[in-house]
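What follows is a short report on a single structure.
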Amino acid sequence: MNNKLVIVLLAILIAIPISSAFELNSNEITKNACNGNTLLFTANVFGTGSFNVNLDGSASSWSTAVPNGFILNNQGKTIYIYSTPNNNVAAGSYSLNLIVSSQQETKTIPFTINVENCHKLKISGETSKEICRGQITSFTYQLENLGNYKENYHLEIEGPDFMTLSQELISLNQGEKKNFYAYASKDSESASFTVSAFNQYGTGEITSNLNVNSCYDFSVSTDRDLVNFCEHSTENVFITITNTGISQDSYNIQVKGPEWANLNQQTLSLNPQQSGSVNLVLSPDYNVKGNFDIEISASSKESIKTRTIKAQVNKCHYIFIDIQEKEINLCNNVQIPLLVKNTGSFEKEFRLETSEQWASLNNYQVKLGAGEESFVNMILNVNNIEKKSYDVYARALALDGSGLSIDDKIKVNALGEMQCHNTEITSDSSLKVTQGSSTTLPITIKNNGNEKLIYKISLTGEGSSFTQLNPSILELDPNSAEIIYMYSAPSVDIEPRDYNTDISVSYNNNILSSKSISINVKESELNQKEYIPFLLRIFNFFSELFSGPVENVTEVLIEEPIAEEPIIEEPVTEQPEEEPRTEDANETSFITNAYNQAKSYWIYITVGIAIIIILIIVLMSGDEKEEDNIEEWEEEEDKEEKDEEEKPLKIGRWILGIVILLFLIYFGINYSWLSNIKKYILMAFEYIILYKFYVLIGLIFLLIIILIIKYWSSILEFFEEEEEKPKRKNRKKK
């Protein structure tokens with residue numbers, strides 16, 4: 001019983017693998033195809049189970065297998081594989097693998113597909129040909145259709161324009177051949193070209209060479225194509241002609257260019273392969289410069305050939321002359337530098353001359369090497385010539401016979417006395433001032449002339465007795481100006497009326513310009529001897545603070561019934577008129593001038609000095625703090641010791657001070673710096689007087705600010721005490 005069971009089990013185990021195995025085979029595994037054709041492969045499957053079909057390989061993208069899957073029960077099945085190579089598939093061998101798999105195993109059949117060129121063509125013909133120049137010829141070509149179909153082909157030639165085809169389209173059946181031609185025209189030259197036949201399936205090409213030989217050909221050459229040389233020199237260029245033909249020939253040579261380019265002969269006769277030369281002679285004269293194209297032409301029986309030679313002619317004989325100034329205005333004689341430079345390549349000697357007799361040179365002949373230069377002075381003497389404008393020429397001439405010359409010019413404007421020393425005075429024509437006061441008037445002196453002048457300024461006329469000018473000596477450059485000031489301070493003894501004053505500007509004792517100024521002297525209120533109450537005086541004082549800078553006294557009329565004391569008017573005795581003072585009368589001392597200016601503003605000066613003194617006292621005073629007697633005694637001893645140590649130094653300080661004082665006196669005598677200091681002090685004082693109100697208000701504000709800063713702590717303590725007093729009273733009541 002047990003043996004039978006074992007035998008049955010073994011039979012089952014052997015039957016299981018036999019039932020699941022399958023077979024895969026195909027009768028044909030290699031085929032050929034053209035683009036667009038479809039191939040069919042078949043494969044047989046026999047067995048039992050579920051099967052899947054797949055393709056891979058280089059031909060799988062354009063192949064299909066059906067069915068993709070099936071089930072067999074000890075049966076057979078045929079698989080169909082379709083392959084269609086499209087037009088994009090290139091000719092060649094492609095692989096296609098059929099893969100059939102079941103649950104237990106996988107089997108593969110490798111197929112091979114050969115894609116053939118079914119549109120193949122062949123082009124053949126002549127690849128080289130030689131002709132003589134001027135002849136025509138043709139190339140013969142044959143086109144054969146090696147494909148499997150009837151084809152239409154386009155014909156095309158790539159090359160020079162003188163090559164053309166007999167036709168542009170040709171039609172061929174399978175295996176058929178036809179001829180076509182390429183023609184070379186009469187003007188053809190040696191060249192290579194390519195003939196092609198093509199359609200959408202392929203292209204065939206062939207390249208041919210055409211060699212054109214001249215039976216009467218020649219060549220032209222020169223020993224150089226560029227000639228670089230100087231003017232007034234000679235250069236030769238050799239022109240060689242070679243007969244490259246097969247026959248004797250004659251040649252005519254001509255030159256086209258400037259007149260200084262010539263040939264030594266114009267005809268040549270040469271045998272085949274023989275060469276001959278002609279000489280091109282270049283000989284430019286003086287003053288020839290630049291680049292020139294010279295064309296050489298040689299003609300034979302059949303052709304003409306040309307060649308161009310470039311000639312660069314340099315300016316090797318040249319001189320440069322330059323007057324440093326191109327226009328000048330002159331009042332006196334002057335020397336002007338004249339540059340002479342040999343810019344050529346050779347040493348030369350030059351003669352110099354001018355166009356005017358009154359324009360001379362310090363050197364009339366110079367010898368200069370190449371690139372060398374020299375300066376010559378041109379002397380212009382304009383004292384004895386007519387005052388007008390002149391064009392003066394300076395000329396340089398070469399002495400070597402070259403005729404080389406060059407000139408330059410300068411425009412000379414000979415100016416008259418008025419143009420040389422033209423001076424202008426600009427100011428107001430009138431001035432108002434009150435007796436016992438003073439004022440200033442700015443006066444502009446302008447030098448409109450052509451020279452630097454030192455002016456002497458004088459003041460004359462009726463008003464010169466109480467008027468002066470500062471400064472009286474003035475130095476001005478051409479076309480410059482400076483402001484001086486006329487200071488007028490009539491005393492109470494000067495009669496109130498109009499005074500004429502003349503300002504004169506002179507140079508070398510010659511008056512160049514003058515101007516009259518009328519000074520209107522008004523009567524002072526003090527001379528009227530009227531009683532003015534104290535309150536009215538205070539009002540007038542503050543009114544004067546807002547007065548203009550010219551009229552220093554402002555009359556304020558207040559109509560009030562005031563009982564005036566009788567005033568006894570004394571008869572005014574007329575004083576004899578003072579003679580007009582000269583310029584020397586105008587030169588007063590600095591102290592007198594300062595006093596006359598200051599006395600009219602004594603109220604402002606007094607108030608300002610008082611404010612400054614208060615400021616100094618406030619700044620010097622410190623908060624008095626109590627210190628110990630011992631510290632004060634020690635400080636006093638230290639001070640005494642320091643004073644004793646410093647005593648020996650006082651003598652040295654005195655000596656140093658004396659040396660500095662002597663040094664200042666020496667420079668004051670030699671350089672007149674004291675006069676400049678006085679000038680600027682007066683100018684500063686005039687500006688202070690002009691803005692006296694603002695200066696006074698500024699000092700008052702400065703005093704108030706310093707007092708507040710100085711005693712700020714005391715002010716705070718005062719208010720704190722005032723606040724604490726009510727608090728103390730409240731505490732006492734409680």
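Derivation of every value follows stated rules applied to the coordinates shown; laboratory data play no part. Predicted, not measured: the structure shown is a model, and the values here were computed from it. Virtual Cβ from ideal backbone geometry, glycine too; neighbours counted across all protein chains shown.
Taking the stretch 218-314, how much of its Cα-Cα pair set, in percent, is spaced more than 16 angstrom apart?
53
At a 10 Å Cβ-Cβ cut-off, how would you order T140, T343, fewest neighbours first?
Working: T140 12, T343 15.
The fewest-first ordering by Cβ neighbours comes to T140, T343.
Would you please give the FRET efficiency between S185 and S345, computed as 1/(1 + (r/R0)^6) with r the Cβ-Cβ distance and R0 = 51 Å, to the nearest 0.05?
Values: r = 55 Å, r/R0 = 1.09.
Efficiency for this residue pair is about 0.40.
Hey, got a sec? Which chymotrypsin sites (Phe, Trp or Tyr not before Pro) in the stretch 123-160 land in a DSSP loop and have at most 13 other Cβ atoms within 10 Å?
On the way: sites: F139, Y141, Y149, Y153; in loops: Y149.
Sites meeting the loop and neighbour criteria: Y149.
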Seminar exercise, completed: Of 709-717, 157-165, ordering from highest average Cβ density within 10 Å down gives 157-165, 709-717
Problem set entry | Of K341/K388; K411/K456; K186/K301; K326/K348, those spanning more than 22 Å from alpha-carbon to alpha-carbon | K341/K388; K411/K456; K326/K348
Seminar exercise, completed: Once amide hydrogens are built 1.01 Å from N within the peptide plane, the residues lying 5 or more places from N213 or on another chain with amide H under 5 Å from its amide H are I131, C132, R133
For this session: For E495, list long-range residues whose amide hydrogen, built 1.01 Å from N in the peptide plane, is under 5 Å from its own amide hydrogen.
Result: none
For this session: Order the peptides 169-175, 432-438 from the highest to the lowest mean number of other Cβ atoms within 10 Å of their residues.
Result: 432-438, 169-175
For this session: Would you mind ranking V366, V695 so that the residue whose beta carbon has the fewest other beta carbons within 10 Å leads the list?
Result: V695, V366
